[in-house]
Amino acid sequence: MLDLLRAASILYGDCSQEAGSSDIYISTGKVSVEQMADIIIKATDLEAEYNSKQYARDRATAYSQLNQFEMLFDDKQNNTTTWQDAIAAIKLAHPKP
């Protein structure tokens, strides 16, 4: 869902929207049709940027479930590659586009 208020804020600074209304207000008043077109374009760009980084959010979640320091220590002690294998598996499961 497009975040029009965030896009308007980036383009025009402080802005507001009344609950239950689709109208957005900036310092000069209600946004014009032309300004709303710019806001929609900006919101679409922001959404595309967010969506393009889903793999990074998925990887971060998977990485956080690993006890990486312990894995690294154990690998050094046991001459194994458990940590490297786990990281490679996560990257394979969540490839960078």
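The values are calculated or read from the model by the stated rules, or taken from the named source; none is laboratory data. This structure is a prediction, so every number in the text was calculated from the model and none was measured. Glycine also receives a Cβ, built like all others from the backbone with ideal geometry; neighbour counts cover every protein chain displayed. Keep in mind that these areas ignore ligands, DNA and RNA; they rest on the heavy atoms of the full protein, side chains included. Shrake-Rupley method; radii C 1.70, N 1.55, O 1.52, S 1.80 Å.
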Can you give the accessible area per residue of segment 33-96, in Å², using a 1.4 Å probe?
75 Å²
Note, segment 77-88: 3J(HN,Hα) by Karplus (6.51, -1.76, 1.60, θ = phi - 60°), whole Hz, Gly/Pro = x, goes 5, 9, 6, 10, 10, 4, 5, 4, 5, 5, 5, 4
How high is the relative contact order of the chain, in percent, counting Cα pairs under 8 Å that sit 6 or more residues apart?
23 percent
Cross-link candidates for Lys30: which lysines have Cα within less than 19 Å, leaving aside residues fewer than 8 places away along the same chain?
Lys42
The alpha-carbon pair-distance distribution computed for the chain, with 5 angstrom bins and whole-percent values, is 2, 12, 16, 12, 9, 8, 8, 8, 8, 7, 5, 3, 2, 0
Keeping the other protein chains in place, figure out the carbon and sulfur percent of the accessible area of the chain, with a 1.4 Å probe.
55 percent
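Given charges of +1 on the Cβ of Lys and Arg and -1 on the Cβ of Asp and Glu, with all other atoms neutral, how large is the dipole of the chain about its Cα centre, in debye to the nearest 20? Could the numbers behind the result be given before it?
Values: 9 positive and 14 negative charges, 54 e Å.
The calculated dipole for the chain is roughly 260 debye.
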